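> There's a structure below that I have some questions on.
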Amino acid sequence: MLAATTVHAEVGPEPDGTQPADPRDLSGIWMNDNTLDETLKRLGKKRLDPGEEEVGPPRPTARLTPEYEQIRAERARERAKYAEGAEKCEWPGMPRIMTYPYPLEILHTPGRITMIFEAESQVRRIFLDRSEHLPFDDLDPSYNGDSIGHWEGNTLVVDTIGFNDQTELPGGLPHSDQMRIVERIAYIDGDTIKVDMTITDPVALLDPIEQTIIYSKRPDWRIREYSCMENNRDAPDASGERAGGVVQQSIE
Amino acid sequence: MKKFWHVFGALAVMAAPLPSASAHHSFAMFDKSAEKWLEGTVTAFQWTNPHTFIQVSVPSSKGAVEWSLEGGSPNILSRNGWKRTSLKVGEKVKVLIYPLRSGQPGGSFVEVHKADGTVLYYHA
């Protein structure tokens, strides 16, 4: 297995020289500029064309330790038992929630910054009022982990640990409960922020994963509800087929 | 229109299939190279997550076939101009779809043309 250094690109609005009123106020509704739908809008396209399965930049992926390469392969074998398109509902958790194709709302309250995600109505609480993570006995493994943050100049630095192993890394790779995610969040102009994320995992990853995510402010949007459990006709049945994909009596 | 720039980051990567940009499943089960028009009557419009569905009854020589046409979430479609009231049971529609590769009567809707001339796009 050969590692290579390559370049990962995110597309965002060119900084227009504007400045936020308060560079330490991230409140508002934000949308990832590099989702499929946002990319198509930017390209002025109304649909995917043949051969354009993957619009937008490739997500970074990384080398796994031999143990986690086996876990990846085993999960892939399990996944292959499903029919094409069959998909269960799962919480994305960290880090995937940060690149999901739905917006998030950031709230500031004393001692805390809260991210409310449209996807699955998930919440991340970033504690500014403590400088240490929860003690080990209280650090329950979770989808979004335990986040503490502080300001370095006008950059919010967020450190997150305490994950379960139910979520996926970019590229669909597995990780362990030792994963750590560091995010550096700052404005690049008056209505655009950039998140530089570094993911390390001493058990699963041979190299850190670095990714940049760009979000634009969407003052006209509102956060809607989204629960995958509502009507998932693509859920696999016992045989792995899409249980509700089509109506069975096709000829009346 | 705003200008766009690229932010680059150097990364250690290996060759791997690209993940889907979709939140739920990928588009791989639909054949984008076999686009097809259907004309029929809406029998249901499911404005639900993780996917919307338009059920369309399409006449054929052997009787009507009910097609299950999957689309984006209400969250995405609403930002592309759709409302939960955009389609009504009983209305006539002409729909551009990417059919299921399986050959079953289903697919991904791409454009929905209503009798009054309105066109609704999955991606606006």
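The values are calculated or read from the model by the stated rules, or taken from the named source; none is laboratory data. Bear in mind that the values here come from a model prediction, so they are computed numbers and not experimental data. Positions of Cβ are generated from backbone atoms using ideal geometry, with glycine treated the same way; all protein chains shown enter the neighbour counts. Surface accessibility is based on the protein's heavy atoms, side chains included, excluding ligands, DNA and RNA. Shrake-Rupley method; radii C 1.70, N 1.55, O 1.52, S 1.80 Å.
> Could you work out how far the C-alpha centroid of the stretch A:132-155 sits from that of the stretch B:31-72, in angstrom?
Each part's Cα centre sits 47 Å from the other's.
> If R₀ is 25 angstrom, what is the calculated FRET efficiency for the pair residue A:27 and residue A:220, using the beta carbon separation as r and rounding to 0.05?
Approximately 0.95, to the nearest 0.05.
> Right, next: Measuring from label point to label point, each 7 Å out along Cα→Cβ, what is the residue A:178 to residue A:206 span in nm?
Inter-label distance under the simple model: 1.6 nm.
> Next question, about the same structure. Return an integer: the convex hull volume of the alpha-carbon atoms of chain A, in Å³ per residue.
Spread over its residues, the Cα hull of chain A gives 181 Å³ apiece.
> Tabulate in residue order the Karplus-calculated ³J(HN,Hα) for the stretch B:114-124, using 6.51 cos²θ - 1.76 cosθ + 1.60 with θ = phi - 60°, rounded to whole Hz; enter x for Gly and Pro.
8, 4, 7, x, 5, 10, 10, 10, 4, 9, 8
> In nanometres, what is the gap between the two model label sites at residue A:157 and residue B:64, each 7 Å from Cα along Cα-to-Cβ?
6.5
> Ok, one more. Taking every pair of Cα atoms in the stretch B:30-121, average 1/r, invert it to obtain the Kirkwood radius, and report Rg/Rh to two decimals.
Rg divided by Rh gives 0.94.
> Quick one: P(r) of the stretch A:62-139 from all Cα-Cα pairs, 10 Å bins, percents rounded to integers, in order of increasing distance.
14, 28, 33, 20, 5
> Also, I was wondering about something else. List the residues, sorted by chain then number, that are 5 or more residues from residue A:144 or on another chain and whose placed amide H is less than 5 Å from its amide H.
Here A:94 satisfy the definition.
> Separate question: So what is the diffusion coefficient of the stretch A:76-201 in µm² per second by Stokes-Einstein at 20 °C and 1.002 mPa s, using a Kirkwood Rh over Cα pairs?
Stokes-Einstein gives a translational diffusion coefficient of 136 µm²/s.
> Which value at 222 nm does chain A reach when only helices count, each DSSP H run of 4 or more adding -39,500 (n - 2.57), with the total divided by all residues and rounded to the nearest 500 deg cm²/dmol?
Only helices count here, giving -2500 deg cm²/dmol.
> At a 1.4 Å probe radius, which order do A:89, A:228 fall into by accessible area, largest first?
Reading off the accessible areas and sorting them downward yields A:89, A:228.
> Give A:46/B:36; A:88/B:94; A:45/B:36; A:81/B:36; A:41/B:36 a once-over and call out the pairs whose C-alpha atoms are over 21 Å from each other.
A:88/B:94; A:81/B:36; A:41/B:36
> While we're on this one: Leaving ligands, DNA and RNA out of it, report the carbon-plus-sulfur percent of the accessible area of chain A at a 1.4 Å probe.
49
> Rounded to the nearest 10 Å², what accessible area does residue A:68 show when all protein chains are kept and the probe is 1.4 Å?
20
> Another one. Against the longest principal axis of chain A, how steep is helix A:66-79, in degrees 0 to 90 to the nearest 10, with axes from Cα atoms?
50
> Moving on to the next point. Nothing charged except the Cβ atoms of Lys and Arg (+1) and of Asp and Glu (-1): what's the magnitude of the dipole of chain A about its Cα centre? Round to the nearest 20 debye.
Dipole magnitude for chain A comes out near 360 debye.
> Continuing with the same structure: Between residue A:65 and residues 5 or more places away or on another chain, which pairs have amide H atoms under 5 Å apart, with H built 1.01 Å from N, and which residues are they?
Answer set, sorted by chain and number: A:205, A:206.
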